[in-house]
Amino acid sequence: MQQNKDVILKLRDLKAHFPVKAGVFKRTVGHVKAVDGVDLDIYRGEVLGVVGESGCGKTTLGKAILRLVESSEGQVIYCSDDEQRDLTTLDNEGMVPYRKKLQIVFQDPHSSLNPAFTIFGSLEDPLKKYGVKSRAERRKIIGDLLEAVNMRPEYMDRYPHEFSGGQRQRIGIARALSIGPELIVCDEAVSALDVSIQAQVLQLLMKLKQEKNLTYVFITHDLSVTEYICDRIAVMYLGRVVELCDSEELYNHTLHPYTRALLSAVPVADLDKQTDRIVLEGDVPSPVNPPSGCPFHPRCQSAIERCKTDVPKLKRYEVDGRDHFASCHLVDLPEAV
Amino acid sequence: MSVTHDSGRKKNHLDRQFDLIRRREEAGELSNPKGYRFARKFLSNRLAAFGLVVFTLIVLVSVLAPLLTPYNPRAIDLRNILKPPTWEHWFGTDKVGRDLFTRVLYGGQISILVGLGSALASAVVGVLVGCYTGYVGGWRDALAMRVSEIFMSFPQIILVLLLVAILGQSLSNLIIIFILTGWGGIYRLARARMLSLREEEYVQALRSFGLSTPIICYKHILPNALGPIMVNITLSTAAFILAEAGLSFLGLGVPLDIPTWGNILNVAQDLRILENNWWVWLPVGIVISLFVLSVNFIGDGLRDATDPTQQG
């Protein structure tokens, strides 16, 4: 993706903080800093993986992009050929043309479809909103969408409970595709499925990406999935991106100690292969009260004195001629690389 | 049924049946209109069907009362006081000689209007407010909550006394009072359901399409909350009919000269009538119970029929 620098979405210092209220008078005593200053450029046509352990703010980031969660600071800039628009400044009316461009596929196939409606009933209102007036036309479009996700068009008159998890997930994908988006946030889109179905859904996603020229932001905690489909990977820790680079790069030249620990935890189906597991001590620190300096320093095995005081910035390095961003003081030390 | 387990096995009975279903589905014959499916599910529920029959019967008989009985419900006949049931007076006569069968029929008009009308009206108010405020949350939710608490913390009977004193005793006042005191329960139910349903991912998906709040909360989420609301409506219908009976019994409901089921029961205050003249209170009591029961059955049936996960 190095050669293609056509940016579709820029995140600038994006923050999503939620107030913590306590006491009789509901005073704000602090903030949960779920997303705490994320800078990212998402290129047109790429698959950007966002990984990190539970509670690091991956999902909140995805939802903040679509404004399903209101960000408290920063910008989400949508770039098309002729304009750049900061989505966080728009009201609901102003968002409408951009809602068409950005869509989301959810994690839980059991709650992502309305149990009281048939598939047609669930999918027709967005089409209505975006100008498909006749019912026959809507049926046609939804039928085509179901075919695109390898399902039979007749299924549109069935209710969600009549489908399996994998089928529902594919319907969720069809729904996201229904209004012709350019970028789809896949929020743990395959995590709830079993492995054989995961592969099937991933292949479907890749096929659709080719056909419809989509961009994916692929949120997951499964590193073997990211390796399979992502062009670039952003590693998040405690609401921040700590490392960002091409996906092979991440596996070959890991810079951040947190990423190293994550990668060492990926199970490998090879009994003879002895891996040095890096076991992280303790939990992710509270996002209400993050540690001083580098947020990772209390769990980092190679932390130095400087990590406790200075917050590392996401800096650009060049490894084998490719961009590689990391936020770690250790990388700057001469012996580290 | 002969099943051979080699790969080129013959199509058996089940295979053929499955092929048939598949062919029909492909031809679009199985995509029943929603209304048809709903009616089929509702009617296949025996209790619901029974409820519907009884309900329709009682409503019809009440509405058609003038055709079914020659008597005037208010005509006093002092020569026939407290007569037991005869062929002339099917349910006998009351203390001033009015025909009880006629009064039960005419009384049904008012009682059903009060019971069903108040229940539906308070449900509409409660659901409209509860769905919206529960979905959007924030200060609107807090405000609606406080208002409903004010209404609910007021004892109904005091409110009735107050309003009757101010506005006078009338049918419409009674309905207004029932709506005022009754909407809170359904509001809270709807709000509570909304609070949990709004977190579902399909709601977020709808929001990500930029659909408007009324469409999301009334069209898409409300059907999922309808089960308990429906049951609550039927229960409150029953409660309102009984409350009307109770208030009329105390002389606070509908003016005494208008026949209602409650007003007919009113005379059972008198211990002598309770002991000696069973025909005054028993038939009307049975009618009230039957009506309330049928409404409850219908409510259960509606709830099951609206739930697509239950096969009918």
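The values are calculated or read from the model by the stated rules, or taken from the named source; none is laboratory data. Since the model is a prediction, treat every value here as computed from it, not as a measurement. Methodologically, a virtual Cβ is constructed for each residue, glycine included, from the backbone with ideal geometry; neighbour enumeration extends over all protein chains shown.
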Contacts under 7 angstrom Cβ, first residue in the stretch A:88-116 being closer than 17 Å to B:S212 by Cα, partner of a type in the set (S, T, Y) and outside any loop (DSSP other than H, G, I, E, B), 6 or more apart:
A:Y98/A:Y78; A:R99/B:S208; A:Q103/B:S208; A:N114/A:S122; A:N114/B:Y202
Counting only residues that are among the small types (G, A, S) and over 20 Å from B:L120 (Cβ atoms), which one in the stretch B:172-227 is surrounded by the most Cβ atoms within 10 Å (Cβ to Cβ)?
B:A205
Every pair of residues 6+ apart whose Cβ atoms lie under 9 Å, when the first sits in the stretch A:155-184 and is more than 11 Å from every other protein chain (Cβ to nearest Cβ) and under 23 Å from A:K133 (Cβ atoms) while the second is part of a loop (DSSP other than H, G, I, E, B) and of a type in the set (D, E, K, R)
A:G180/A:K100; A:G180/A:K101
Would you mind listing the helices (runs of 4 or more DSSP H) fully within the stretch A:230-337 where at least 1 residues are under 21 Å from the mean Cα position of the chain (by Cα) and modelled with pLDDT of 85 or more?
A:247-252, A:257-264
Has the stretch B:294-303 got any residue that is surrounded by fewer than 20 Cβ atoms within 10 Å (Cβ to Cβ) and under 24 Å from B:D94 (Cβ atoms)?
no
From the list B:L78, B:L113, exactly one residue is part of a helix (DSSP H, G or I) and either surrounded by fewer than 24 Cβ atoms within 10 Å (Cβ to Cβ) or out of contact with any strand residue (DSSP E or B) (no Cβ under 8 Å at 6 or more places or on another chain) (or both). Which is it?
B:L113
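With the requirement that a residue be among the hydroxyl-bearing types (S, T, Y) and either surrounded by 18 or more Cβ atoms within 10 Å (Cβ to Cβ) or within 11 Å of chain B (Cβ to nearest Cβ) (or both), what does the stretch A:125-154 give you?
We begin by selecting, within the stretch A:125-154, every residue among the hydroxyl-bearing types (S, T, Y); these are A:130, A:134.
Scanning the stretch A:125-154 gives a single hit, A:Y130.
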When the residues of the stretch A:71-92 are filtered to those that are within 14 Å of chain B (Cβ to nearest Cβ) and more than 21 Å from A:Y216 (Cα to Cα), which remaining residue is surrounded by the most Cβ atoms within 10 Å (Cβ to Cβ)?
A:L90
Residues of the stretch A:93-111 satisfying the condition of being facing chain B (nearest Cβ under 7 Å) and either surrounded by fewer than 21 Cβ atoms within 10 Å (Cβ to Cβ) or touching a Leu at 6+ places or on another chain (Cβ under 9 Å) (or both):
A:M95, A:V96, A:R99, A:Q103, A:I104, A:D108, A:S111
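Kindly indicate whether any position in the stretch B:52-74 is farther than 30 Å from B:R98 by Cβ, surrounded by 14 or more Cβ atoms within 10 Å (Cβ to Cβ) and either touching a Pro at 6+ places or on another chain (Cβ under 7 Å) or modelled with pLDDT of 85 or more (or both).
Step one: of the stretch B:52-74, the residues farther than 30 Å from B:R98 by Cβ are B:52.
If we keep only those that are surrounded by 14 or more Cβ atoms within 10 Å (Cβ to Cβ) too, we end up with B:52.
Now drop any that are not either touching a Pro at 6+ places or on another chain (Cβ under 7 Å) or modelled with pLDDT of 85 or more (or both), which leaves B:52.
Yes, there is a match, as at least one residue in the stretch B:52-74 is farther than 30 Å from B:R98 by Cβ, surrounded by 14 or more Cβ atoms within 10 Å (Cβ to Cβ) and either touching a Pro at 6+ places or on another chain (Cβ under 7 Å) or modelled with pLDDT of 85 or more (or both).
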Among the residues of the stretch A:112-124, which ones are surrounded by fewer than 20 Cβ atoms within 10 Å (Cβ to Cβ) and facing chain B (nearest Cβ under 7 Å)?
A:P115
Scanning the stretch A:91-123 for residues that are among the aromatic types (F, W, Y) and under 13 Å from B:S208 (Cβ atoms), which turns out modelled with the highest pLDDT?
A:F106
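Any residue at all in the stretch A:59-66 that is closer than 30 Å to A:L263 by Cα, more than 9 Å from chain B (Cβ to nearest Cβ), β-branched (V, I, T) and out of contact with any helix residue (DSSP H, G or I) (no Cβ under 9 Å at 6 or more places or on another chain)? I'd like the intermediate steps shown before the answer.
Step one: of the stretch A:59-66, the residues closer than 30 Å to A:L263 by Cα are A:59-66.
Those left that are additionally more than 9 Å from chain B (Cβ to nearest Cβ): A:59-62, A:64-65.
Still in the running and β-branched (V, I, T): A:59-60, A:65.
So of that shortlist, the ones also out of contact with any helix residue (DSSP H, G or I) (no Cβ under 9 Å at 6 or more places or on another chain) come out as A:59-60.
Yes: the stretch A:59-66 contains one or more residues that are closer than 30 Å to A:L263 by Cα, more than 9 Å from chain B (Cβ to nearest Cβ), β-branched (V, I, T) and out of contact with any helix residue (DSSP H, G or I) (no Cβ under 9 Å at 6 or more places or on another chain).
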With respect to the numbered conditions (1) away from chain A (no Cβ under 14 Å); (2) closer than 22 Å to B:D304 by Cα, which one is the sole condition not fulfilled by B:I175?
(2)
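Can you pull out every residue in the stretch B:195-227 that is without any contact (Cβ under 8 Å) to a residue 60 or more places away in the chain and more than 7 Å from chain A (Cβ to nearest Cβ)?
So the first thing to find is which residues in the stretch B:195-227 are without any contact (Cβ under 8 Å) to a residue 60 or more places away in the chain, and the list is B:196-197, B:199-212, B:215, B:219-220, B:224.
Those that are without any contact (Cβ under 8 Å) to a residue 60 or more places away in the chain and more than 7 Å from chain A (Cβ to nearest Cβ): B:S196, B:L197, B:E199, B:V203, B:L206, B:S212, B:K219.
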Whether any residue in the stretch A:186-207 is more than 14 Å from chain B (Cβ to nearest Cβ), farther than 20 Å from A:E124 by Cβ and in contact with a Cys (Cβ under 8 Å, 6 or more places away or on another chain) is what I want to check.
yes
Taking the stretch B:260-282, which residues are out of contact with any helix residue (DSSP H, G or I) (no Cβ under 6 Å at 6 or more places or on another chain) and buried (at least 19 other Cβ atoms within 10 Å of the Cβ)?
B:N277, B:W279
B:T309 fails exactly one of (1) surrounded by fewer than 16 Cβ atoms within 10 Å (Cβ to Cβ); (2) part of a helix (DSSP H, G or I); (3) hydroxyl-bearing (S, T, Y), namely (2)
Only one residue in A:G23, A:G45 is modelled with pLDDT of 85 or more and on the phi > 0 side of the Ramachandran plot. Which one?
A:G45
Restrict the check to the stretch A:219-227 and report whether at least one residue is touching a Gly at 6+ places or on another chain (Cβ under 6 Å) and of a type in the set (V, I, T).
yes
Which listed residue, of B:R103, B:R37, B:R23, is farther than 30 Å from B:G182 by Cα, touching a residue at least 40 places away in the same chain (Cβ under 8 Å) and in a helix (DSSP H, G or I):
B:R37
Picking from A:V38, A:V69, A:V50, the residue that is touching a strand residue (DSSP E or B) at 6+ places or on another chain (Cβ under 8 Å) and closer than 25 Å to B:G138 by Cα would be A:V69
Taking the stated definitions as given, is B:R37 surrounded by 12 or more Cβ atoms within 10 Å (Cβ to Cβ), within 14 Å of chain A (Cβ to nearest Cβ), modelled with pLDDT of 70 or more and at negative phi?
yes
Can you tell me how many residues in the stretch A:180-210 are aliphatic (A, V, I, L, M), surrounded by fewer than 20 Cβ atoms within 10 Å (Cβ to Cβ) and modelled with pLDDT of 90 or more?
4
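Across the stretch A:71-111, what is the number of residues that are aliphatic (A, V, I, L, M) and within 17 Å of the chain's Cα centre (by Cα)? Don't jump to the end; show me each part of the working.
Filtering the stretch A:71-111 for residues aliphatic (A, V, I, L, M) gives A:76-77, A:87, A:90, A:95-96, A:102, A:104-105.
Filter once more, so that each one left must be within 17 Å of the chain's Cα centre (by Cα): A:76-77, A:102, A:104-105.
The total comes to 5.
Conditions (1) among the aromatic types (F, W, Y); (2) within 14 Å of chain A (Cβ to nearest Cβ); (3) part of a helix (DSSP H, G or I), marked per residue:
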position	(1), (2), (3)
B:T237	no, no, yes
B:G246	no, no, yes
B:P255	no, no, no
B:F291	yes, no, yes
B:S294	no, no, yes
